[in-house]
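The values are calculated or read from the model by the stated rules, or taken from the named source; none is laboratory data. The shown structure was predicted, so the numbers you read here are calculated from the model rather than taken from an experiment. Please note: Cβ atoms are built from the backbone with ideal geometry, for glycine as well, and neighbour counts cover all protein chains shown. Remember, those area values only see protein heavy atoms, side chains included, never the ligands or the DNA or RNA. Shrake-Rupley method; radii C 1.70, N 1.55, O 1.52, S 1.80 Å.
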Amino acid sequence: KRQIVSSRYAFGGIAAIIGLCVALVVNTISYFCFPAYQFGFYLFLSIASFCMVLLFLAFILPSNYWLGVNAGFAVMFILIILLVVLGIWSRMTNNAIMGFVVDNFDLSMAIGFVSTIVIFALSYILSVGLFKRKYS
């Protein structure tokens with residue numbers, strides 16, 4: 001059972017890394033074609049999208065093991081709605097989350113990346129437990 005969960009997480013992680021590589025290539029090309037911002041901004045976008053994919057996987061995969069595939073779809077839909085609402089709220093209230101990221105860029109990157117990895121690891125542990133409980 002642990003091997004089944006591991007293979008799904010490994011596939012998700014590999015797909016996310018491939019997506020990160022594609023995003024790096026596209027953002028590097030964008031930087032050379034439209035150099036409006038420094039390269040670090042384009043790098044940040046690639047890494048932020050990678051972390052977002054890992055966070056989505058961290059919430060979707062355990063819900064699949066807990067309530068089935070439809071629960072995973074529902075969780076994905078809810079997460080997308082939450083991201084849109086967060087963006088609209090940030091814009092309307094002028095609470096720019098990106099302002100904090102810009103002011104504390106190195107700290108934000110470190111906290112974001114480390115917390116994403118920790119959440120992904122905790123998600124794996126939870127998924128193993130849920131899968132074992134469901135099929136024992």
At a 1.4 Å probe radius, carbon and sulfur cover how many percent of the accessible area of the chain? 76 percent
When ligands, DNA and RNA are left out and all protein chains stay put, how many square angstrom of accessible area per residue does the chain have with a 1.4 Å probe? 68 Å²
Would you mind calculating the gained length between residue 133 and residue 34 on full extension (0.36 nm times residue separation, minus the Cα-Cα distance), in nm to one decimal? 30.4 nm
At q = 0.18, 0.20 Å⁻¹, work out log10 I(q)/I(0) for the chain with the Debye formula, treating every Cα as an identical point scatterer and leaving solvent out; two decimals please. -1.12, -1.26
Extension gain residue 43-residue 3, at 0.36 nm per residue separation less the Cα-Cα distance, in nm? 11.0 nm
Which order, highest average first, do 30-38, 115-123 follow once you tally other Cβ atoms within 10 Å for each residue and take the mean per peptide? 115-123, 30-38
Counting each DSSP H run of 4 or more residues in the chain as -39500 (n - 2.57), what helix-only mean residue ellipticity at 222 nm follows after dividing by all residues, to the nearest 500 deg cm²/dmol? -32000 deg cm²/dmol
Just report the Cα centroid separation between region 20-36 and region 61-102, whole Å. 25 Å
Treating the beta-carbon of each Lys and Arg as +1 and of each Asp and Glu as -1, no other charges, what is the dipole magnitude of the chain about its Cα centre, to the nearest 20 debye? 740 debye
From the phi angles alone, apply the Karplus equation (6.51, -1.76, 1.60; θ = phi - 60°) to region 12-23 and give each ³J(HN,Hα) in whole Hz, x where the residue is Gly or Pro. x, x, 5, 5, 5, 5, 4, x, 4, 4, 5, 4
The simple spin-label model distance between residue 93 and residue 119, using points 7 Å out along Cα→Cβ, in nm, is 1.8 nm
Taking 0.36 nm per intervening residue step and subtracting the Cα-Cα distance, what contour gain separates residue 81 from residue 26 on full extension? 17.2 nm
